[in-house]
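The values are calculated or read from the model by the stated rules, or taken from the named source; none is laboratory data. Every value quoted in this text rests on a predicted model; they were computed, and no experiment measured them. Positions of Cβ are generated from backbone atoms using ideal geometry, with glycine treated the same way; all protein chains shown enter the neighbour counts. Surface accessibility is based on the protein's heavy atoms, side chains included, excluding ligands, DNA and RNA. Shrake-Rupley method; radii C 1.70, N 1.55, O 1.52, S 1.80 Å.
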Amino acid sequence: MSAIPPIDLTQQFQSIQDEVGAAVMQVLASGQYINGPLVETFANAFGAYVGTSECVVCNSGTDALYLALRALNIGPGDEVITSPFTFIATAEMISAAGATPVFVDIDLSTFNLDVHKLEQAITEKTRAIMPVHLFGQPIDMAAVMAVAERYQIAVIEDCAQSTGARWGEQQVGSIGHVGAFSFFPTKNLGGCGDGGALTTNDPAIAESARVIREHGSRVRYYHETVGINSRLDVLQAAILQIKLRYLDEWNARRTAVAEEYERLLAPIPGVITPQTIAGGTPVWNQYTIRLEAAAADGAVRDRIRQHMQTQGVLPMVYYPLPLHQQPVYAHLGYQPGSLPVSEQAARQVLSLPMFPELSLDQQAKVVYSLKEALVQAVH
Ligand SMILES: *Cc1c(COP(=O)(O)O)cnc(C)c1O
């Protein structure tokens, strides 16, 4: 039996290859590869899906975060509160904008920012909170918005792993002041290359993001601010436009996979399955468990992972080192133990293979190899 990869993009492509192939050929034949109506059509469709009046598409989720910060005029001297337990891009773009990330610890049951710890991190310099809906799990946006309103600061939702997730009736990315999405191939809505989008209901933020996206220019060859080049390719827009129609179906499949994992894993001692907060509808970009045996020592988790790998099951570790402990942020002065919950999560997490096409047989094999690995690890 062949290995079970963490993610398999080939099956999904096979299911839509005729449509995608035709759309790609049309773009190639058109001679228009940058900007134009196809890109605008996709931007409008994606904004409508998220439920915001404005959508600015760009070259990556990383750029969407950067554009959001710049459009809000956040820069040197400013602080932005975010999670240390996320992909580097979240904090990295705060730094790239010239501001300083302030890390607040997470809630162990959801891996998202601990909303009870936000307020104590706010200073005179705080300009925004950047929550991450990690692994497709929405954070309690009511709690985040309440703190932001009390202190008159902005909320930028990092939705890179949560396209289609809902908080109450609303899609993530439509609740804060700005949402940032990624269309990296492994995300819930993934292109065949890089891509991203910024969503907002504020036309001024959208306009500013559009200007910064195109070299700080409204009129070609006239530049009013320092910008970047961050367009979404026409090819990617054409592909994403097709895939957007299947997103809810694929997310429903991910939910079914998560339910099956829950059923199989619930009886196993020492395995803590993912939690969803009341009011949240997750989309399972990852299915991430915690291993009790690794609470104090991440090497236990690594051994369990290695054992599974020898059985042809390839789980992932998102993320092995929290951002406050990364060399790039050494200058911020955090110490081991500064954010103990994130550090514990980093030792314990294991993300099981998760993609819409994962079969019941494959899931059974994943869980069987985990069970065997657990027995080995404690002996
Ligand atoms: C993927 C990801 C990003 C960056 O998206 P890219 O499109 O890869 O630049 C940002 N934040 C989080 C949480 C992500 O998972």
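Find, among the GluC sites (Glu not before Pro) in region 220-272, those assigned to loop by DSSP (not H, G, I, E, B) with at most 12 other beta-carbon atoms within 10 angstrom. Qualifying residues, ordered by number: Glu224.
Using a Gaussian network model of the chain in which every pair of alpha carbons under 10 angstrom is joined by a spring, one finds that among Val328, Val24, Val313 the greatest mean-square fluctuation is at Val328. For the chain, DSSP calls about 60 percent of its internal beta bridges antiparallel.
Across all directions, the average flat footprint of the convex hull enclosing the Cα atoms of region 247-378 is 9.4 nm². Semi-axes of the equivalent ellipsoid for region 33-83, computed as √(5λ) from the eigenvalues of its C-alpha gyration tensor and ordered from largest down, come to 26, 13, 9 Å. Put the Cα centre of region 202-261 next to the Cα centre of region 133-158 and the gap is 21 Å. Take region 1-125 with all the other protein chains still there, run a 1.4 Å probe, and you get 44 Å² of accessible area per residue. Of Ala294, Ala96, Ala237, which is the most mobile in a GNM of the chain whose springs link Cα atoms less than 10 angstrom apart? Answer for the Gaussian network model of the chain: Ala96. Computed over the alpha-carbon pairs of region 50-139, the distance histogram in 5 Å steps reads 3, 14, 24, 23, 21, 13, 4 percent, short to long.
Of all lysines in the structure, those lying under 26 Å Cα to Cα from Lys187, and not within fewer than 8 positions of it along the same chain, are Lys243, Lys365. If I model a spin label as a point 7 Å beyond the Cα along the Cα-Cβ vector, how far apart are those points for Ser217 and Ala296 in nm? Output for this residue pair reads 6.2 nm. Across region 92-132, the mean sequence separation of Cα contacts (distance under 8 Å, 6 or more residues apart), normalised by length, yields a relative contact order of 28 percent. The gain in end-to-end length when the Ser109 to Asn229 segment is fully stretched comes to 39.3 nm, 0.36 nm per residue minus the alpha carbon separation. In terms of the mean number of neighbouring beta-carbon atoms within 10 Å, the peptides 82-91, 141-150 order highest first as 82-91, 141-150.
Measuring nothing but how far apart in sequence close Cα pairs (under 8 Å, 6+ apart) lie, relative to its length, region 220-293 scores a relative contact order of 27 percent.
Here the extension length gained between Ala45 and Val24 equals 5.7 nm, from 0.36 nm per residue of separation less the Cα-Cα distance. Only Lys, Arg, Asp and Glu carry charge here, each on its Cβ (+1 for the first two, -1 for the last two); on that basis the chain has a dipole of about 380 debye about its Cα centre. In the full protein context, region 163-215 carries 32 Å² of accessible surface per residue, based on a 1.4 Å probe and ignoring ligands, DNA and RNA. Each Cα pair under 8 Å and six or more residues apart adds its separation to the average, and for the chain the resulting relative contact order is 21 percent.
On the chain, 53 percent of the accessible area sits on carbon and sulfur atoms, based on a 1.4 Å probe.
Restricting attention to region 1-136, close to 10% of DSSP beta bridges with both partner residues there are antiparallel. Taking the helices alone, the chain has a mean residue ellipticity at 222 nm of -12500 deg cm²/dmol, built from -39,500 (n - 2.57) per DSSP H run of at least 4 residues and averaged over all its residues.
Our analysis of the chain gives Rg over Rh at 0.97, with the two radii drawn from alpha carbon positions and Rh computed by the Kirkwood formula. Solvent exposure of region 247-378, expressed per residue, is 44 Å² of accessible area, with all protein chains present and a 1.4 angstrom probe.
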